[in-house]
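Participant: Structure incoming, see below.
The values are calculated or read from the model by the stated rules, or taken from the named source; none is laboratory data. Values in this document were obtained by computation on a predicted structure and should not be read as measured data. No Cβ is skipped: glycine too gets one built from the backbone with ideal geometry, and neighbour counts run over all protein chains shown.
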Amino acid sequence: MRIKFWGVRGSIPCPGPKTVRYGGNTMCIEIRFHNPDRLFIVDAGSGIRELGNDIMANDYPEGHIKADILLTHTHWDHIMGFPFFTPLFVPGSELRVFGPVDFVKNEKLEKIVGGQLEYKYFPINHGELSANIDYIDSKEGLIDLGYDEIKLIAKYLNHPILCFGYRFEYKDKIICTAYDTEPFQNLFFIPPDDPNYDESRCIEGKEIAIELNQLVSDFFAGADLLIHDAQYTEEEYSTSKVGWGHTSMEYAIKAAQQAGVKKLALVHHEPLNSDEKIDKLSEKLCNPSDLKGMEVFFVKEGMEINL
């Protein structure tokens, strides 16, 4: 398996002199499996534009393009690059787009994602695309890819809208994604001196949060590579970012250690974090002597990992 990061930034693209080394494009990850040859793309942030150009240069000369695009969720920074993905405009391209939707509201990926290609937003209408695109509205659990070599499991995470983590199992290797997400909190907590304090309800809320966090931990347990949200420091998160749908770096490292993860890739970098700041965070948090054998690193755009 080969993993390449085409976008690792959170919330909004932030190109410029302060983000050259870690990159300014929003989330897009290429995962290739060999024997059989399969191409997966996790998220269609602004980074997917360069991935599309690379596919045209290297895959297209070998034959028609076939890929599965796995959206973690439909927030703008994770789908904004979709209209600029060149294979959409190439006859014979076969693309499947998977992602979570709210079945209660009867929302459809084709409308949410494909709706970007309307004249009021974009000069080309979705109906004018040359590729064969199949949108697959998905639920939590095993995703049927139509072949047995690769097992793909989706897990709901903790974000303001439905959001998937993905777990790939191939032969003896496991890759997991867990972003955009934050730890589940006790929603029923009220200080004991509050007139509305209910001890039993507070205890119940705490137990539910523990259970839900354990389910996420179980989801990425034993992963050879975990690609995890790390937008904030613990100080930033605890003082002003609770409920924003993102994790502190310190929590991600601790959770990965407890789950027996081998490599932890920290992504979804805060747009305000410069290369210099991430370097300092890396020096502080990625010291091998403190990590009990687990490798931890902040991902740079363009980085490749082979498993």
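Participant: Counting only residues that are buried (at least 17 other Cβ atoms within 10 Å of the Cβ) and not β-branched (V, I, T), which one in segment 282-299 is farthest from T26 (Cα to Cα)? Show your work before the answer.
Facilitator: Restricting attention to segment 282-299, the residues satisfying the condition of being buried (at least 17 other Cβ atoms within 10 Å of the Cβ) are 285-286, 294, 296, 298-299.
Those left that are additionally not β-branched (V, I, T): 285-286, 294, 298.
On the way: L285: 23, C286: 23, M294: 26, F298: 15 Å.
If we take residues in segment 282-299 being buried (at least 17 other Cβ atoms within 10 Å of the Cβ) and not β-branched (V, I, T), then M294 is farthest from T26 (Cα to Cα).
Participant: State yes or no: is F188 closer than 21 Å to Q231 by Cα, over 14 Å from the mean Cα position of the chain (by Cα) and among the hydrophobic types (A, V, I, L, M, F, W, C)?
Facilitator: On the way: closer than 21 Å to Q231 by Cα: no; over 14 Å from the mean Cα position of the chain (by Cα): yes; among the hydrophobic types (A, V, I, L, M, F, W, C): yes.
Taking the combined requirement at face value, the residue does not satisfy it.
Participant: Looking only at segment 285-307, which residues are under 19 Å from the mean Cα position of the chain (by Cα) and either in a strand (DSSP E or B) or hydroxyl-bearing (S, T, Y) (or both)?
Facilitator: Within segment 285-307, V296, F297, F298, E304, I305, N306 qualify.
Participant: Could you list, in sequence order, the residues of segment 250-284 that are in a helix (DSSP H, G or I) and either in contact with a Leu (Cβ under 8 Å, 6 or more places away or on another chain) or on the phi > 0 side of the Ramachandran plot (or both)? So that I can check it myself, show each step before the final result.
Facilitator: Narrowing segment 250-284 to residues in a helix (DSSP H, G or I): 250-258, 275-284.
E250, A252, I253, A256, Q257 - these are the residues of segment 250-284 that are in a helix (DSSP H, G or I) and either in contact with a Leu (Cβ under 8 Å, 6 or more places away or on another chain) or on the phi > 0 side of the Ramachandran plot (or both).
Participant: Return yes when L39 is surrounded by 19 or more Cβ atoms within 10 Å (Cβ to Cβ) and of a type in the set (A, V, I, L, M, F, W, C) and no when it is not. It would help to see each step written out before you state the result.
Facilitator: Working: surrounded by 19 or more Cβ atoms within 10 Å (Cβ to Cβ): no; of a type in the set (A, V, I, L, M, F, W, C): yes.
The answer is no for L39.
Participant: Still on this structure, I have one more. Anything in segment 224-249 that is in a loop (DSSP other than H, G, I, E, B), within 16 Å of the chain's Cα centre (by Cα) and not small (G, A, S)? List them, or say none. Give the derivation first.
Facilitator: Step one: filter segment 224-249 for residues in a loop (DSSP other than H, G, I, E, B), giving 224, 230-231, 233, 242-247.
Pick out the ones that are also within 16 Å of the chain's Cα centre (by Cα) and you get 230-231, 244-247.
Those that are in a loop (DSSP other than H, G, I, E, B), within 16 Å of the chain's Cα centre (by Cα) and not small (G, A, S): Q231, W244, H246, T247.
Participant: Restricting attention to segment 89-101, which residues are buried (at least 23 other Cβ atoms within 10 Å of the Cβ) and either touching a Cys at 6+ places or on another chain (Cβ under 9 Å) or part of a helix (DSSP H, G or I) (or both)?
Facilitator: P100
For (1) out of contact with any strand residue (DSSP E or B) (no Cβ under 8 Å at 6 or more places or on another chain); (2) within 12 Å of P183 (Cβ to Cβ); (3) at pLDDT 95 or above, each residue gets a yes or a no:
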residue: I253; (1), (2), (3): no, no, yes
residue: A256; (1), (2), (3): no, no, yes
residue: L264; (1), (2), (3): no, no, yes
residue: S274; (1), (2), (3): yes, no, yes
residue: N287; (1), (2), (3): yes, no, no
residue: G293; (1), (2), (3): yes, no, no
